[in-house]
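Every number in this text was worked out from the coordinates using simple rules, so none of it is lab data. Just so we're clear, the structure is a prediction, and the values are computed from it rather than from any experiment. Note that each Cβ is placed from the backbone with ideal geometry, even for glycine, and that neighbours are counted across all protein chains shown.
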Amino acid sequence: DVEICATTVYSLDGETPTIGTGFWTSPTGATVSNPELHDTEVIDLDQGDNMFIWTLSNGACENYDADTVIVTVTLIPTDIAYAGADFSICGDSGSSLNANVPTSATGLWTQSPVQASLGVVIVDPTSPTSDVEGMVEGNNYMFTWSLSQGVCEEFANDEVIVSIFEAPTVSAFIAEENM
């Protein structure tokens, strides 16, 4: 038996019989993608207990043995992680991230350790609209917005890329003509 979190899909893996065949069934209503395969995906899992039975047959010896596995889904979240569209800014070392606000989960902004070691700081990592400081012109930065709820840690995430373009230093100029 297994407990999973925040998904309606799981992969079953029954023992392949040395002779005969096996067949998966689900009396609790989930869909078995390929019931005749020992390793198959199941979809449409419900929150709570989902039962699967691996039944063995060999010709006239139908259903001679079976085993049951319970897949317990602890939470099916409604929130979807969205970090916002990739964006560019011109010549500014600071900017704000803008993720969708989750309705029941909590969110967390993260970045790679290498990026953080370069002095890039997510000011408020738990805010969907956190400011970011320390970005340098001419670089691209990637930030990840991850959602967690209860025991379901980081059940969804999305990335956003921020491109910082160098601000031009050339000024517009119109030469005066002599009359």
Considering only the other residues whose Cβ falls under 10 Å of the Cβ of Val123, what net charge follows from Lys and Arg at +1 and Asp and Glu at -1?
-3
Residue span Met51 to Ser88: 0.36 nm per residue of separation minus Cα-Cα distance leaves a gain in nm of 8.4 nm
What is the dipole size for the chain, taken about its Cα centre, with +1 at each Lys and Arg Cβ and -1 at each Asp and Glu Cβ, in debye to the nearest 20?
120 debye
Computed lengthening from Thr78 to Thr126, 0.36 nm per intervening residue step minus Cα-Cα distance:
15.4 nm
Inter-label distance for Ser11 and Asn140, nm, one decimal - labels placed 7 Å from Cα along Cα-to-Cβ:
3.0 nm
With each pseudo-label sitting 7 Å past Cα toward Cβ, what's the Ala60-Val151 distance in nm, one decimal?
4.8 nm
With only helices counted (DSSP H, runs n ≥ 4, each -39500 (n - 2.57)), the per-residue ellipticity at 222 nm for the chain, to the nearest 500, works out to -500 deg cm²/dmol
If packing is taken as the mean number of other Cβ atoms within 10 Å per residue, what is the order of 162-168, 40-46, highest first?
40-46, 162-168
